[in-house]
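*Asks:* Sending over a structure as structure tokens; questions will come in a sec.
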Amino acid sequence: MTLKEDDDMAVDNSARKRGAWLRTIDGGEAPPTREVGGAPEPSGDDEFVEDCPQLRGRAGTGPWELWEELPGPVAGVEVTSFSDAFVEILGELGIEHAYGISGGAIVPFYDALSRSQLSVIHCRHEAGAAFAALEDSLASGRPTVVFTTTGPGITNALTGLVAARWEGAKVLFISAATPLAQTGRGAFQDTSFHTLPVGLFTAGSVFDYVETVAAPEQLARVARRLETGLAKVGGFVAHVSVPTDLQRAEVTRDRGVRRGSLMRMGCDPEAVASIAQELRDTSAGPTAIWVGFGARSAAPQIRALAERLGAAVMSSPRGKGVFPESHPQFIGVTGFAGHSHVKSWIERHRPQRVLVLGTRLGEFTTFWDPRMVPDQGFIHVDIDPDAGGEAYPLAYTRTVQAEIGAFVGALLEQLDDHVPATMPGRGYLGPQRLDPVEDRRVRPTFLMQCVQDGVVDAGARVMTEAGNAFAWGNHLLRFDEPNRYRVSTGFGSMGHAVTGVIGAALAEPGRKAVAIAGDGAMLMNSEISTAVQYGLPAVWIVLNDSQYGMIDHGMRHGGYAPESVSMPSTDFVAIARAMGADGVAVRDESELAAALEQAMRAEGPFVVDVHIDPNQRAPFLERADGLFKAKPWQGPPRA
């Protein structure tokens, strides 16, 4: 089934054709019609609205509507419906994919989407749609759309939209709102800033930009704000709320208008020259580089810089692959489920300064360990000037506001005559190889080894779900390219990877997208049915231990007795097949390699249900210690 086919659409588009066509939204009898230019027209005083190039005129306000192709725009000006004009603008902004669930209040906009060149993915839950959209955006580098109806459609999507903001994706959220004349009168799913949390309708912690459309004339301003927001470096999450009546309203749109351009952020040449001089001086000790997900677009330049300086390189969990993990100068992953080799190297070779690129050094990157603070402090480069010194406020930090690619490129020019240095010590050697053990449940460590061999090394894009899955992935999987590994170590919502994987699969159909998740997350929402409908090459590898494993292990480590964290055994292959996908169950380590090979060969969605050893504890205990064993803050020291 193609992306344009959807048997469950609220509006049956199979009757669509050039010319005129008649459709029903809510059922009922068609009114009497008369012929106008060979096309049926409802009798009465209905007015037509010009729209081109497709059948977008609106007639009437009842359940029956007539669509007719009308003359094209004159002198660069077109009168069309708000929804059609808005959807055309979305295409001009580079958007190719829209995820969501239709409903009565969003039907005019959804109909315009369905008739456009955008690919519309009708999901099973609005949160799944939002997670899929954000992962599509990060995998493709293009903005995406999430659309919902009023009320619970909006609140259902909220978790995924907050995650999009935290992850730095570019996502436009288009929601329906109750017409102004009806709000406050007991309307069904009454939706406005009076009835839903105010944060949904104001820019702030959730959205970078919000517009509640009150008149069609706002569309030009909305288009301009979206254009500038999407042009900026980093993430951008916007919310445009459109009442149902305005979705059908007439709007006049000027074509071919040049709206100017946005200049990209550069870097201060004097600051670059000064930092280059600092980095040349290795008399007091070596330099280390700390990379994060925000540096993924500058991976080649960072490698060249590290090799020229002879700098040790470490990465945040989200930054895996920005610097090749097989490189001899890579000393490991820091933070949550990271590598102890990093701290061993730091303590033995004591770098005098650390160049921080694309990470805010938050809890899951550092655990705020004071041993990671270099003697001469940090040089912190970020597009956000507030990032420097945020995690270590007492450490000396020289903050540089700049695009990382531009900064590192300029730094390389300053160091052009610098004789390449040699890093002291050795890099991280990776995990030890394991042999399969028969007649026992699969060890997660052995599973990750097989995933490395059969999935990562085969070129797949991999994401790990919140829980033990992202601990094992951070610790044991190795990547030599950026943007091949995705993990949410900030917001960290369960249900993110198991739904986001369909967005990653659609973003690059020629590459397998693989989600590694626990059984608890899979039981929340997996969007397998959506993947089946659109034939997406997504794979789910389920760590099936019939429990919330991280909760169980963490509570036991902290001295608590876990209660009600186990769950009934679930057959995820049966569930997958019931929805039209395929899968295989693995109960023995000797079966694992063949099962993963089968998943990678599958043309459609595929589930690998791996029955793992529930007693092998994931490497996350530093996090547990921080939760359960850290002493309460006693305030600043007394004089």
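The values are calculated or read from the model by the stated rules, or taken from the named source; none is laboratory data. Here the structure is a predicted model, which means the values were calculated and not measured. So basically every Cβ, Gly included, is an ideal-geometry build from the backbone, and we count neighbours across all protein chains shown. We work out accessible area using only protein heavy atoms, side chains counted, and drop any ligands, DNA or RNA first. Shrake-Rupley method; radii C 1.70, N 1.55, O 1.52, S 1.80 Å.
*Asks:* Within the range 97-122, can you find the residues that are touching a strand residue (DSSP E or B) at 6+ places or on another chain (Cβ under 6 Å) and either touching a residue at least 40 places away in the same chain (Cβ under 8 Å) or of a type in the set (Val, Ile, Thr) (or both)?
*Replies:* His97, Ala98, Tyr99, Gly100, Ala105, Ile106, Ser114, Ser119, Val120, Ile121
*Asks:* For the range 93-145, how many residues are over 13 Å from the mean Cα position of the chain (by Cα) and not basic (Lys, Arg)?
*Replies:* Total satisfying the criteria: 31.
*Asks:* All but one of (1) among the basic types (Lys, Arg); (2) more than 25 Å from Gly503 (Cα to Cα); (3) within 26 Å of the chain's Cα centre (by Cα) hold for Lys170; state the number of the condition that does not hold.
*Replies:* Lys170 satisfies every listed condition except (2).
*Asks:* Please count how many residues of the range 197-207 are touching a Ser or Thr at 6+ places or on another chain (Cβ under 7 Å) and part of a loop (DSSP other than H, G, I, E, B).
*Replies:* So the answer is 1.
*Asks:* Look through Ala238, Ala203, Ala181 and report the one residue that is touching an Asp or Glu at 6+ places or on another chain (Cβ under 9 Å), within 30 Å of Ala406 (Cβ to Cβ) and in the same structural domain as Ser137 (by the TED database).
*Replies:* Ala238
*Asks:* Does Pro385 qualify as being assigned to a loop (DSSP other than H, G, I, E, B) and either at pLDDT 95 or above or open to solvent by less than 10 Å² (accessible area, probe 1.4 Å) (or both)?
*Replies:* no
*Asks:* Would you point out which residue out of Thr202, Thr195, Thr155, Thr191 is touching a helix residue (DSSP H, G or I) at 6+ places or on another chain (Cβ under 7 Å) and at negative phi?
*Replies:* Every option except Thr191 fails the conditions.
*Asks:* Let me ask something else. For Arg486, work out the one condition from (1) under 19 Å from Ala164 (Cα atoms); (2) among the charged types (D, E, K, R); (3) not in a strand (DSSP E or B) it doesn't fulfil.
*Replies:* Every condition holds for Arg486 apart from (3).
*Asks:* So Thr399 passes all but one of these: (1) more than 13 Å from Trp290 (Cβ to Cβ); (2) touching a residue at least 60 places away in the same chain (Cβ under 8 Å). Which condition number does it fail?
*Replies:* All conditions are met except number (2).
*Asks:* Somewhere in the range 62-75, is a residue modelled with pLDDT under 95, in the same structural domain as His239 (by the TED database), closer than 22 Å to Thr178 by Cβ and surrounded by fewer than 18 Cβ atoms within 10 Å (Cβ to Cβ)?
*Replies:* no
*Asks:* Step by step: first the residues of the range 547-577, then only those that are of a type in the set (S, T, N, Q) and touching a strand residue (DSSP E or B) at 6+ places or on another chain (Cβ under 6 Å), then the one that is nearest to Gly518 (Cα to Cα). Which residue is that?
*Replies:* Across the range 547-577, the extreme among qualifying residues is Gln547.
*Asks:* Ok, one more. Return the total of residues in the range 468-484 being within 22 Å of Ala624 (Cβ to Cβ) and either hydrophobic (A, V, I, L, M, F, W, C) or modelled with pLDDT of 95 or more (or both).
*Replies:* Result for the range 468-484: 9.
*Asks:* Which number in (1) closer than 20 Å to Gly492 by Cα; (2) buried (at least 17 other Cβ atoms within 10 Å of the Cβ); (3) among the polar types (S, T, N, Q) marks the one condition that Ser205 misses?
*Replies:* Condition (2) is where Ser205 drops out.
*Asks:* Here is a further query. Of a type outside the set (Asp, Glu) and open to solvent by 40 Å² or more (accessible area, probe 1.4 Å): does that describe Pro444?
*Replies:* It is false that Pro444 is of a type outside the set (Asp, Glu) and open to solvent by 40 Å² or more (accessible area, probe 1.4 Å).
*Asks:* Counting only residues that are touching a residue at least 60 places away in the same chain (Cβ under 8 Å) and surrounded by fewer than 24 Cβ atoms within 10 Å (Cβ to Cβ), which one in the range 493-511 is nearest to Ala466 (Cα to Cα)?
*Replies:* The selected residue is Ser493.
*Asks:* If you don't mind, another one. Across the range 233-250, what is the total count of residues that are closer than 18 Å to Gly91 by Cα and open to solvent by 10 Å² or more (accessible area, probe 1.4 Å)?
*Replies:* Going through the range 233-250 one residue at a time, the tally reaches 1.
*Asks:* Going by what's in this entry, would Val532 be described as closer than 28 Å to Arg461 by Cβ, of a type outside the set (Asp, Glu) and in a strand (DSSP E or B)?
*Replies:* So Val532 does not fit the description; no.
*Asks:* Output the residues belonging to the range 578-596 that are charged (D, E, K, R) and in contact with a strand residue (DSSP E or B) (Cβ under 6 Å, 6 or more places away or on another chain).
*Replies:* Residues satisfying the conditions are Asp582, Arg587, Glu589.
*Asks:* Mind listing whichever residues of the range 203-226 are more than 14 Å from Ser241 (Cα to Cα) and out of contact with any strand residue (DSSP E or B) (no Cβ under 8 Å at 6 or more places or on another chain)?
*Replies:* Gly204, Ser205, Arg224
*Asks:* Given the conditions (1) of a type in the set (Gly, Ala, Ser); (2) out of contact with any strand residue (DSSP E or B) (no Cβ under 6 Å at 6 or more places or on another chain); (3) assigned to a loop (DSSP other than H, G, I, E, B), and given that Gly454 satisfies all but one, which numbered condition is not satisfied?
*Replies:* (3)
*Asks:* Using the structure shown, decide if Glu563 is of a type outside the set (Val, Ile, Thr), open to solvent by 20 Å² or more (accessible area, probe 1.4 Å) and either closer than 27 Å to Trp166 by Cα or in contact with a helix residue (DSSP H, G or I) (Cβ under 7 Å, 6 or more places away or on another chain) (or both).
*Replies:* no
*Asks:* Yes or no: Gly430 under 30 Å from His611 (Cβ atoms), in a loop (DSSP other than H, G, I, E, B) and modelled with pLDDT of 95 or more?
*Replies:* It is false that Gly430 is under 30 Å from His611 (Cβ atoms), in a loop (DSSP other than H, G, I, E, B) and modelled with pLDDT of 95 or more.
*Asks:* Restricting to the range 190-219, name every residue that is of a type in the set (D, E, K, R) and closer than 27 Å to Val233 by Cβ.
*Replies:* Asp208, Glu211
*Asks:* Further question: All but one of (1) part of a loop (DSSP other than H, G, I, E, B); (2) crowded, with 21+ Cβ neighbours inside 10 Å hold for Phe407; state the number of the condition that does not hold.
*Replies:* (1)
*Asks:* Hey, another quick one. Kindly provide the set of residues from the range 296-336 that are modelled with pLDDT under 95 and touching a His at 6+ places or on another chain (Cβ under 7 Å), ordered by number.
*Replies:* Arg308
*Asks:* I would also like to ask the following. How many residues are open to solvent by 10 Å² or more (accessible area, probe 1.4 Å) and either aromatic (Phe, Trp, Tyr) or under 17 Å from the mean Cα position of the chain (by Cα) (or both) if we restrict to the range 512-533?
*Replies:* Here the count works out to 3.
*Asks:* What are the residues in the range 554-589 that are at pLDDT 95 or above and in a helix (DSSP H, G or I), if any?
*Replies:* Matches in the range 554-589: Phe572, Val573, Ala574, Ile575, Ala576, Arg577, Ala578, Glu589.
Yes/no per residue for (1) closer than 17 Å to Ala312 by Cα; (2) small (Gly, Ala, Ser); (3) not assigned by the TED database to the domain that holds Ser590:
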site: Leu394; (1), (2), (3): no, no, yes
site: Ala402; (1), (2), (3): no, yes, yes
site: Gly409; (1), (2), (3): no, yes, yes
site: Ala421; (1), (2), (3): yes, yes, yes
site: Tyr428; (1), (2), (3): yes, no, yes
